[in-house]
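Shown next, in structure tokens, is the structure this report addresses.
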Amino acid sequence: YGNRPVVGIFTRTITDNLAGLVKQVDAAVGKNKASQLKAFVVVLSDDPDADEPKLKALAKKHGIKNVPLTIFDGISGPPPYKINKGAETTVLMWKRGRVASNKGFEKGKLSKAALKAVAGDTSTLVQ
């Protein structure tokens with residue numbers, strides 16, 4: 001994505017709170033087309049065949065249109081991203097090609113308050 005603002009969500013579990021986060025980021029990308037905000041979601045999985053239908057169901061149920069949803073075979077994630085091993089979900093944000101935010105959420109910690117904090121961080125990317 002070059003120097004565009006980007007939100008990258010890496011998760012090991014597909015949960016309702018993850019769906020809320022993805023929906024929120026999808027809406028932000030839709031609203032910020034002029035700023036070229038981009039985002040993606042990667043499910044880190046030891047069983048991609050089992051997780052793929054769950055990811056498709058999440059996209060359909062929540063009407064995700066602006067954020068690609070993908071699966072990476074392996075819970076460690078792509079090595080260059082150095083995903084937090086203790087986090088269930090990691091949210092990385094880049095602005096002008098540099099990491100602006102890196103938040104890891106342990107299992108069960110991706111709460112409504114955490115979603116609100118991520119939304120605040122997302123808004124700073126497009127300013």
**Item:** Conditions (1) open to solvent by 40 Å² or more (accessible area, probe 1.4 Å); (2) touching a helix residue (DSSP H, G or I) at 6+ places or on another chain (Cβ under 6 Å); (3) of a type in the set (A, V, I, L, M): number failed by residue 43
**Value:** (1)
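Yes/no matrix, rows are residues, columns are (1) in contact (Cβ under 8 Å) with a residue 24 or more places away in the chain; (2) polar (S, T, N, Q); (3) open to solvent by 30 Å² or more (accessible area, probe 1.4 Å):
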position: 29; (1), (2), (3): yes, no, no
position: 48; (1), (2), (3): yes, no, yes
position: 66; (1), (2), (3): yes, yes, yes
position: 77; (1), (2), (3): yes, no, no
position: 88; (1), (2), (3): yes, no, no
position: 101; (1), (2), (3): no, yes, no
position: 109; (1), (2), (3): no, no, yes
position: 116; (1), (2), (3): no, no, yes
**Filtered residue count, region 15-33, keeping only those that are within 11 Å of the chain's Cα centre (by Cα) and either over 24 Å from residue 53 (Cα atoms) or not charged (D, E, K, R) (or both)** = 7
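Please return the ranges of helices (runs of 4 or more DSSP H) entirely within region 16-127 where 1 or more residues are in contact with a strand residue (DSSP E or B) (Cβ under 8 Å, 6 or more places away or on another chain) and modelled with pLDDT of 95 or more.
16-31, 48-62
The values are calculated or read from the model by the stated rules, or taken from the named source; none is laboratory data. All figures in this text were calculated on a predicted structure; none of them were measured in a lab. For neighbour counting, all protein chains shown are included, and Cβ atoms are generated from backbone atoms with ideal geometry for every residue, glycine included. The area values use the complete protein model at the heavy-atom level, side chains included, leaving out ligands, DNA and RNA. Shrake-Rupley method; radii C 1.70, N 1.55, O 1.52, S 1.80 Å.
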